[in-house]
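Taken together, the values in this text are just the output of simple stated rules run on the coordinates, not laboratory data. Small disclaimer: the values here were computed from a predicted structure and weren't measured. Every residue, glycine among them, receives a Cβ derived from its backbone with ideal geometry; neighbour counts consider all protein chains shown.
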Amino acid sequence: MRWRDPLSWITRPADGSPAGGTRRVRRGRVLAATVAVSLLATACGDSGEGGDGTIELTIATFNDFGFQPLYEQYMDEHPNITITEHVAEYQNHHTQLATRLAAGNGAADVVAIEGDFLAQFTAQPQNFYNLFDYGADELEGRWLDWKWQQSMPDADTQIGLGTDVGGLAICYRRDLFEQAGLPADRDEVAALWPDWESYLEVGRQFVAADTGARFLDSGPLLFNAILGQAPQAFYEPDNTLIVESNPAIKQAWDLVMEAVEGGLSANLVQYSTQWTTGLQQGTFATITCPAWMMAFIQSQAEDTAGNWDVAAVPNGGGGNWGGSWLTVPSQSDHPQEAYELAAWLTAPEQALSVFQRLGNMPSTVELYENPELTEFTNPFFHDAPVGRIFTDAAQALEPQYQGPSSAAVRLAVQNGIRRVEDGQQSPEQAWETALGEAVRAAD
Amino acid sequence: MKRSGPQTRAVAGPAAPGPGAAPPPPDPARDPGRTERGPGRGAGATRPRLGFRHRLQRTDASVSPYLYVAPFFLLFLGFMLFPLGYTFYVSLNDWNLIGAEARSFTGLENYRTLLADPNFWNALRNTFSIWLLSTVPQLLLALGLAHLLNARLRGKTLFRMGVLVPNVASLVAVTIIFAQLFGRDFGLINWLLGLAGVGPIDWQAGTASSHIAIAVMVVWRWTGYHALIYLAAMQAIPRELYEAASLDGAGSFQMLRSITIPALRPVIIFSVLISTIYGMQIFAEPLLFDPKPGSVTGGAGRQFQTLTVYLYEQGFREFDFGYAATIGWVMFLLVVAVALVNYALTRRISSTR
Amino acid sequence: MARSRVPRLGRVGPLTYPLLILVLLLSVFPLYWTGVVASQTNRAIGQTPPPMLPGGNLLDNIGRVFEQTNFLKALVNSLVVATAITVSVLVFCSLAGFAFAKLRFRGRQAMMLIVVATMMVPTQLGVIPLYLMIGELGWSGRLPAVIVPTMVTAFGVFWMRQFISQVVPDEMIDAARVDGCHTARICWHVILPAIRPAAAVLGLFTFMQAWNDFFWPLVVLTPDNPTVQVALSTLAAGYFQDYALILAATAVATLPVLVVFAVLGRQIVGGIMEGAVKQ
């Protein structure tokens, strides 16, 4: 292969010829275009201000808060406001919030923060607007007491307005239970498992009946359910890490190990394609069901409508997993409008609408007296009285304190469970490794 | 500029490795700009017409090179050289992006921690393992493929373009596709294996299986590219050599050993260097292979977490910039060391054949 | 003459075409399969056996990609970024390559050595300080953060320098100087026309590489202002994995490059091969 003969290029007239001229002009134009494009790219920042006084609010959430129809409604009622939502994956969402707070720009006007991450951000109250300055003190009785308290860095500062509360239940497949010779009625089912050991026992029965399905989707979700009932999780309220010393954690771990070793788990990674397909195809019979899990099931496994049901979780139905708050980072240029949006989104009427559409359980107290909530049944789940079930759960639950690195510590433990499920490590090894990773993550 | 003779010196082909690092030429010591003559030619040798003009030309000749190089060099200095140096400085600090603690100078503490960190060694092992599993098959297959492509084919452009398609497709897209193909329950590959009676393999869960899967991705992506550059080098070998050898009674394989491979030596060196550099920095594949969305640990047991993923985890999840910079710097030293070893080895192997 | 099992050099053996076709199929299959999945509904994907033929939902799914995500913005961003980088690399690296190849000045050898040395340095190494710098400059999450650091590449300079020093004879330049041309004129009229083939190839490769770049945009951009690769990874890490949607987005992401490749593939292949050998 040779280079093309260079002389053929050179022998063209070297001045004033169209080729040379065009080339130069073309280059000039291209350069100008580049500069223009780069300037444009630089200029296209976020102004947040429309041309004629319209205010653009951005709201950053993860998973599905069910707010889309509410945005439409709000924009209709407030024509000068436009709302843009950015949805990210759970971990990435919180990582990004941390980065943008540190960078000093880029955070949305309203940002959702989940319970496991809340302490990380209440530790930096200077990065959020104190909602008391915008009228939040009027809203004090709206939420469960602990929900209100947890987002307060100190007695005079409130950075978050509560959205949902997790609660706990067990969602199960009636048809698979029937196939295995187990009762399908939700009260009978709940009576089968007064505690977690009996839950595992039911699991073993189920597996022995050989329906081709496993009993539960994955170890980590079972772990979250069991731990969600304990008085303490990974941290003391003074932020001491107690992952090693808290007996509840090791107990939850041991129960999960029993389940895994008994072949009860379908070993699916939550939110992976396999897990979603497992929901669709009935690869497992039960799954830990905080209220927001119902939303997943409904949107992912439409064809299974009517085959699901909801039973109370062992140990009397208390416990919690999940729940979030809406905050306003201090980078926002429109704190008043952002606050008003957040307050409206978490108001009882809107919270009820989200519940009825999606299943996310409000943390708004007055709804617990509202028959529209308490008597709500969900046909997808065989008309289960989800309103009653989750209201009871919400009112019964003891709030669990989550510390600054709760999310990372939980991830370390969950990865440990996954390693055992995958057969990569023995339970003892996995526990040791998980503890090491948890301690390092909390550092 | 045309030179005759069987010399086939490989000049760096346009490399499009993802990370953006391209390899050095095969003989950095030899100045490839041999066309430059010594001083004495050019303006200085002609008689000046006007004093002013001469001085202008002289100024132009001495100043303008700097002007030409300036934009490049300023950007290069600012955005490439400076960060490289500054990384070392960052690694000497306990520097957390969002921590409340003040940044403090800790000297080589980060390096000590790193060398004692089992996750680092794990990432290192993973990186090497994947690199080995992908580089060797890649290059061998590329040689074979080049040999096939060297024939007098009909539609040779189609074939050549076809083998390059994997290289131009979006890396992220490809990784996502392959992650699905290698899925445990519904992946195509497990289905095919099932037809052959082999049980479903949990590709992501195991160490060896995940390394193989990722290596398959890399091999799929790069074999065609390497095949093309081998092909180019093969085509530059004059036929007379082969004809002479076959007249002497040499068999195909002997010709391969004594003519083809030595002639391909510079290109093989180049090829090995590219795949080494790419292999050491592999990022998208291990990151996106994890079934758990948003995971940066390379699997629940870090079974396929490579060095770059570890760097990303430490720097942009844990926000421990000092530690991440340490990882980066150690990676750099490793790349240099491995590249040098590769260079020496490949040179040795190719020359003794 | 010895018979051999391996096809003689240049001769097409009986296995040649079948093997090559197999290789071609393997090369293309994952992309084909993307098209298959992208044209199915989500439900169909979990079946066994997995679908092998395209379904009818492609336009549907692609429509959803643009409705439910900001993929259009990602495409535009990638286009802007890749174009800006390509043009700037071509301009600045050609100028510098010319200087390194044909002009003499102090420090030339040293600079060139540094350039060549950095070609081997992993990009990851400088990522932390770069990230800090971008933060200082206020470009965090904006396109300049992705464009400016890669506006020049060591490889670009190396490539142009090699080409220019081999292709443009010194005599041309000396003759031009004798005629009284100053350097800029030499550049415009002598060098620029000559480097067209090399510039074309470098441009193509720089564009493709900028389009496919993942690590740095992931670090410095955010999901609301992404490039195509970042947007894809955000989708894949999404709330739930709607695989039809993700792969439809993947198809949309890969298509532009494939189209460019289909049109200019010959040049790209030629560029790789020409670059590998010099006579």
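The table below gives the values:
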read-out: With eigenvalues of the C-alpha gyration tensor scaled by 5 and rooted, segment B:75-211, Å; value: 41, 25, 15
read-out: Charge-dipole axis of chain C as Lys and Arg at +1 and Asp and Glu at -1 on Cβ define it, positive-most pick from C:Phe100, C:Thr34, C:Gln209; value: C:Phe100
read-out: R0 of 30 Å, Cβ-Cβ distance A:Asp156-A:Thr240: FRET efficiency to nearest 0.05; value: 0.75
read-out: Kirkwood Rh, angstrom, segment A:303-441 [1 / mean 1/r, Cα pairs]; value: 18.3
read-out: Within segment A:318-341: backbone nitrogen closer than 16 Å to the A:Asp137 label point (7 Å, Cα to C-beta); value: none
read-out: Rounded tilt (10° steps) of C:127-137 against the dominant C-alpha axis of chain C; value: 80
read-out: Choice from C:Ala262, C:Ala154, C:Ala96 with maximal GNM fluctuation in chain C (Cα, 10 Å cutoff); value: C:Ala262
read-out: Footprinting exposure proxy for A:Asp76, A:Asp116 (fewest neighbouring C-beta atoms within 10 Å first); value: A:Asp76, A:Asp116
read-out: Tilt relative to chain C, helix C:16-38 - C-alpha long axis, 0 to 90 degrees, to 10; value: 60
read-out: Extension gain (nm, one decimal) between B:Leu334 and B:Thr106, 0.36 nm per residue minus Cα-Cα; value: 79.8 nm
read-out: Average beta carbon contacts from partner chains per residue of B:181-189, 10 Å cutoff; value: 6
read-out: Long-range Cα-Cα pairs in chain A (distance over 40 Å), rounded percent; value: 29
read-out: Tally of Lys pairs whose C-alpha atoms are under 27 Å apart, taken over the protein assembly as shown, 8 or more apart or cross-chain; value: 8
read-out: Pairwise FRET efficiency - C:Arg106 versus A:Ala347, Cβ, R0 = 60 Å, nearest 0.05; value: 0.25
read-out: Directionally averaged projected area (convex hull, Cα atoms, segment C:16-62), nm²; value: 3.8
read-out: Cα pair distances of segment A:45-185 binned at 5 Å [whole percent]; value: 2, 8, 14, 16, 18, 15, 9, 5, 4, 4, 3, 1, 0, 0
read-out: Unit charges on C-beta of K, R, D, E only; dipole of segment C:125-258, Debye; value: 100
read-out: Normalised convex hull volume, the protein assembly as shown, alpha-carbon set, Å³ per residue; value: 187
read-out: Rel. contact order, % - alpha carbon contacts under 8 angstrom, at least six apart, segment A:47-124; value: 37
read-out: Which of C:Asp213, B:Asp202 has the fewest Cβ neighbours within 10 Å, and the rest in rising order; value: B:Asp202, C:Asp213
read-out: Viscosity 1.002 mPa s, temperature 20 °C, Stokes-Einstein D of chain C from Kirkwood C-alpha radius, µm²/s; value: 96
read-out: Burial ordering of A:Glu421, A:Glu236, A:Glu114, fewest other beta-carbon atoms within 10 Å first; value: A:Glu236, A:Glu114, A:Glu421
read-out: Added length on full extension, which subtracts the Cα-Cα distance from 0.36 nm per residue, B:Arg125 to B:Gln254; value: 42.7 nm
read-out: 10 Å Cβ neighbours from other chains, averaged over peptide C:227-237; value: 6
read-out: Between 0 and 90°, nearest 10: helix A:335-345 axis offset from chain A longest Cα axis; value: 40
read-out: Isotropically averaged projected area of segment C:86-140, using the convex hull of Cα atoms (one quarter of hull area), nm²; value: 5.3
read-out: Whole-angstrom Cα spans of segment B:109-352 along principal axes, big to small; value: 66, 48, 29
read-out: Estimated Rh, segment B:51-91: Kirkwood, alpha-carbon pairs, angstrom; value: 12.3
read-out: Relative contact order [Cα under 8 Å, 6+ residues apart], segment C:122-279, whole percent; value: 25
read-out: Cα centre as origin, Lys/Arg/Asp/Glu Cβ charges: the protein assembly as shown dipole, Debye; value: 10760
read-out: Chain A, relative contact order in percent, only Cα pairs under 8 angstrom and at least six apart counted; value: 23
read-out: 10 Å Cβ neighbours from other chains, averaged over peptide B:190-197; value: 1
read-out: Low-density loop cleavage sites - trypsin sites (Lys or Arg not before Pro) in segment B:93-169, where at most 11 other Cβ are within 10 Å (DSSP); value: B:Arg152, B:Arg154
